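Accompanying notes for the structure given below.
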4 protein chains.
Amino acid sequence: MPVLNDEVPDDGDFDAGRRRGEFDDITPEDFIHGSNHSNPPGWLGPADISRARRQIPIAYVEIVPVRTDDMGRVSQVGSLLHVSDDGSIERTLITGRVLFHETLREAIARNIAKDLGDIALPMLPQNLQPFTVAEFFPTPGLSEFYDPRQHAIALCYVVPIAGDCKPQDETLDVEWVDPRGDVMETFIGQMVNGHGKIVRQALAWLGV
Amino acid sequence: MPVLNDEVPDDGDFDAGRRRGEFDDITPEDFIHGSNHSNPPGWLGPADISRARRQIPIAYVEIVPVRTDDMGRVSQVGSLLHVSDDGSIERTLITGRVLFHETLREAIARNIAKDLGDIALPMLPQNLQPFTVAEFFPTPGLSEFYDPRQHAIALCYVVPIAGDCKPQDETLDVEWVDPRGDVMETFIGQMVNGHGKIVRQALAWLGV
Amino acid sequence: MPVLNDEVPDDGDFDAGRRRGEFDDITPEDFIHGSNHSNPPGWLGPADISRARRQIPIAYVEIVPVRTDDMGRVSQVGSLLHVSDDGSIERTLITGRVLFHETLREAIARNIAKDLGDIALPMLPQNLQPFTVAEFFPTPGLSEFYDPRQHAIALCYVVPIAGDCKPQDETLDVEWVDPRGDVMETFIGQMVNGHGKIVRQALAWLGV
Amino acid sequence: MPVLNDEVPDDGDFDAGRRRGEFDDITPEDFIHGSNHSNPPGWLGPADISRARRQIPIAYVEIVPVRTDDMGRVSQVGSLLHVSDDGSIERTLITGRVLFHETLREAIARNIAKDLGDIALPMLPQNLQPFTVAEFFPTPGLSEFYDPRQHAIALCYVVPIAGDCKPQDETLDVEWVDPRGDVMETFIGQMVNGHGKIVRQALAWLGV
């Protein structure tokens with residue numbers, strides 16, 4: 001089921017290369033040992049993140065990647081084809097939770113690198129005012145944003161990508177489309193749980 | 001030490017009327033019983049909130065209350081005199097964490113009612129784009145915003161107050177001053193850990 | 001032809017009660033005399049406004065009137081039925097140019113009063129950052145915003161209306177609809193020259 | 001007297017290379033001939049621009065140029081040393097009016113090129129929502145923004161500059177300073193008529 005991406009390990013991490021389903025068997029003790037194997041600071045083991053998700057809202061960043069022309073106008077909007085936990089393929093944006101002691105800028109840069117690779121050259125925003133805040137609830141129908149795992153508060157940013165994209169990990173492909181074309185509408189329709197609505201809000205904010 | 005207000009019980013709660021220091025002795029078992037005494041949904045006991053604060057960023061709302069004239073111009077800015085955990089008096093804004101399954105609007109309304117009472121008549125924002133996002137870290141000097149208890153991500157809003165204010169609980173008084181006067185500068189200087197900076201950012205955003 | 005409203009006189013003005021077509025015969029000399037009859041300061045006669053419209057961009061405010069609930073959520077969006085210069089009926093927003101020596105707040109308040117009457121009780125924005133800026137050009141197809149008379153730069157605001165509306169002058173009626181309903185979509189389709197797009201951008205910005 | 005820059009010709013224009021004072025003797029007839037000499041479209045002769053300035057608000061863009069680091073944080077803020085009409089030297093931002101039939105993006109790009117040269121590589125904003133709108137009035141004291149020549153409505157943007165700056169025309173130098181340092185404060189103090197306030201608002205919006 002397509003939801004906010006989360007806890008995807010980076011290359012070299014304790015759990016890099018494992019399928020996400022394998023996390024289910026990791027005990028807190030494993031995780032403590034795992035922390036000796038270079039998990040990123042702030043990364044939580046499955047017991048801790050599961051408990052937190054039942055207790056408090058989880059802070060997220062959600063990024064709409066765009067290509068711009070010389071005049072700053074958005075010429076293309078990117079979306080990801082992503083392998084979800086159950087093995088199905090979903091269309092998503094770039095999302096991830098903010099880790100303990102991580103700044104929003106670091107979270108934005110880390111999550112872009114996680115999905116688009118290290119030479120994407122994102123042009124991070126000068127100010128951190130999000131264009132919108134999306135509230136995901138674990139109860140279907142409570143709002144237009146739904147995440148079965150958690151209550152998430154996602155700060156949403158548009159980030160121009162100036163470099164080359166090399167999809168990473170569970171991200172199979174990055175597809176760029178003209179925001180004024182028919183394919184954009186099709187792609188928005190393929191994004192579930194409210195992520196398509198975030199693209200629409202981004203396009204309206206951009207004046208497209 | 002003046003920090004982000006948190007977990008202040010409402011009237012009728014299990015722990016209403018207790019000093020905050022008393023929370024220290026409450027065990028998780030007490031809290032479980034306490035939950036039979038109408039704590040708000042999403043409210044966490046001391047063990048759970050303490051653990052969460054060491055593990056993940058905590059989502060907050062922070063509100064700059066203002067009075068406006070007929071033309072929408074800000075005529076006065078409010079600040080609170082608040083009894084801190086150690087019994088000292090601090091000058092603060094209205095802050096509080098977002099509870100599990102609570103919307104941002106509910107969190108804003110609840111925290112205003114907690115500090116200003118039920119007839120303050122806040123005019124909540126039509127859109128949830130915060131004027132700034134303040135990142136509080138538990139490490140002094142890491143950023144201009146400091147909170148010894150936690151990593152907090154505070155969405156900051158300006159909210160006009162149209163009604164009467166009746167300070168509640170630990171809030172001793174609400175003081176309104178002309179944002180263009182000398183007293184405003186003095187009050188900003190009295191707010192520590194970055195809250196004064198949030199007022200300055202609000203005033204700049206308001207064009208004052 | 002439905003365009004940005006402009007130069008609509010207030011009650012008591014020299015030209016109040018006249019149909020707009022009658023302006024065509026007013027000479028600059030009439031206007032000079034007219035200025036003794038309480039035209040608003042900054043109001044221009046037809047020769048001057050026509051010349052200005054061929055020479056420089058004209059600054060406008062454009063207002064999306066809304067009704068909000070206790071939590072600040074938009075419950076209804078207003079649109080106007082307006083008699084255009086050629087006598088046809090058009091659906092519009094509240095628009096008007098900023099007069100010489102008039103502040104943006106005054107222009108917003110004046111144009112709301114012109115269309116909705118004096119007891120509409122608009123809640124003017126605390127800060128003047130528009131949710132978008134719409135650029136109208138006199139050349140069809142140059143942008144999504146078109147105004148045959150002029151190049152206009154419209155600062156766009158959402159303004160909650162708390163009072164009663166009494167349509168004035170050329171405004172025949174104000175109609176309020178649920179922004180989530182089908183009628184909203186119909187009304188947006190009825191607004192030409194880009195005004196419907198401004199409503200869509202407002203709704204996206206509001207998170208509706 | 002330091003005011004909003006305006007009507008500075010580009011290289012190759014009819015009046016390029018002339019001191020601005022020379023414009024005073026140009027008659028409308030000269031200007032009509034001048035229009036055969038490649039003045040930019042929308043450029044007005046002295047009689048027309050003078051009349052417009054006495055009749056309606058003039059639309060401006062005002063740009064705070066910045067340098068950013070890899071994370072999008074502002075590392076430096078630029079200001080210009082500019083020769084004013086009376087030959088004195090003033091510290092300013094990049095400002096200019098929006099010409100007839102010119103888009104805001106074109107006006108931003110043209111005015112940056114005018115002051116910083118053609119290889120400044122400005123990163124224009126993806127959306128045109130200004131961080132603030134400054135209202136300049138010709139009456140001293142009416143607002144914090146003053147322009148003796150006109151009523152100007154300035155849409156204010158922060159624009160990162162990625163390339164090299166080659167000051168042009170009346171611009172003698174571009175000076176870059178750390179926004180957190182003492183020199184920033186000195187420079188802000190040197191900007192008159194409200195431009196220093198615009199820098200302060202930009203810094204607050206940027207979270208500096």
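All of the numbers you see were taken from the coordinates with simple rules; none came from a lab. None of the values given here were measured: they were computed from a predicted structure. Cβ coordinates were reconstructed from backbone atoms using ideal geometry, including for glycine residues, and neighbour counts include every protein chain displayed.
Could you calculate the FRET efficiency of C:Asp164 with D:Met71 from 1/(1 + (r/R0)^6), where r is the beta carbon distance between them and R0 is 45 Å, rounded to 0.05?
Working: r = 51 Å, r/R0 = 1.14.
Here the calculated transfer efficiency is 0.30.
I'd like the per residue volume of the convex hull spanned by the Cα atoms of segment D:46-206, given in cubic angstrom. Don't jump to the answer; show the numbers that get you there.
Details: hull volume 19.6 nm³, N = 161.
For segment D:46-206, the hull spanned by Cα atoms encloses 122 Å³ per residue.
Quick check: net charge around C:Lys197, other residues with Cβ under 12 Å of its Cβ, Lys/Arg +1 and Asp/Glu -1? The partial results should precede the final answer.
Numbers: positive: C:Arg200; negative: C:Glu62, C:Glu135, C:Glu144.
With Lys, Arg at +1 and Asp, Glu at -1, the net is -2.
Cα centroids of segment C:98-133 and segment D:100-118: 29 Å apart.
A simple count of charges around A:Cys165, restricted to other residues whose Cβ falls under 11 Å of its Cβ and scoring Lys, Arg +1 and Asp, Glu -1, yields -3.
Counts of other chain beta carbons within 10 angstrom of each beta carbon in peptide A:152-163 average 2.
Which percent, nearest 5, of DSSP beta bridges in segment C:46-206 are antiparallel? Working shown, then result.
Working: 23 of 33 bridges.
Rounded to the nearest five, the antiparallel share is 70 percent.
Under 5 Å between amide hydrogens, built in the peptide plane, is the criterion, and for A:Gly163 it picks out A:Leu121 among residues at least 5 positions away or on other chains. Spacing of the modelled spin labels on C:Arg51 and D:Leu142, each 7 Å from Cα toward Cβ, amounts to 2.1 nm.
Comment: the Cα-to-Cβ extended label point of D:Ile89, at 7 Å, lies 5.2, 6.3, 6.7 nm from its counterparts in the other copies, nearest first. Using the Karplus relation 6.51 cos²θ - 1.76 cosθ + 1.60 with θ = phi - 60°, the per-residue 3J(HN,Hα) values for segment B:107-121 come to 5, 5, 5, 5, 5, 5, 5, 4, 8, 10, x, 8, 10, 6, 6 Hz, with x marking Gly and Pro. For A:Thr132, the residues whose amide H sits under 5 Å from its own are A:Cys156, ignoring neighbours fewer than 5 places away on the same chain, with H placed 1.01 Å from N. Residue-wise HN-Hα couplings along segment D:188-200, as the Karplus relation 6.51 cos²θ - 1.76 cosθ + 1.60 with θ = phi - 60° gives them from phi, are 4, x, 7, 8, 9, 6, x, 5, x, 5, 5, 4, 4 Hz; Gly and Pro carry x.
For A:Gln76, nonlocal amide neighbours, meaning residues 5 or more places apart or on other chains whose placed amide H falls under 5 Å from its own, are A:Arg67.
Here C:Lys114 is the anchor, and the lysines within straight C-alpha reach of less than 20 Å, apart from those fewer than 8 places off in the same chain, are C:Lys166.
Between B:Leu121 and C:Glu175, the modelled labels are 3.3 nm apart [label points 7 Å from Cα along Cα→Cβ]. Per residue of peptide A:196-202, the mean number of Cβ atoms on other chains within 10 Å of the residue Cβ is 2. Extending 7 Å from the Cα toward the beta-carbon at both C:Ser84 and A:Gln190 defines two label points whose distance is 4.0 nm. Legend: Rg and Dmax of segment D:118-200, from Cα coordinates, 14.7, 39 Å. The charge dipole of segment C:46-206, taken about its Cα centre with unit charges on the Cβ atoms of Lys, Arg (+1), Asp and Glu (-1) only, comes to about 480 debye. The mean count of C-beta atoms from other chains within 10 Å of the C-beta of residues in A:49-61, rounded to a whole number, is 6.
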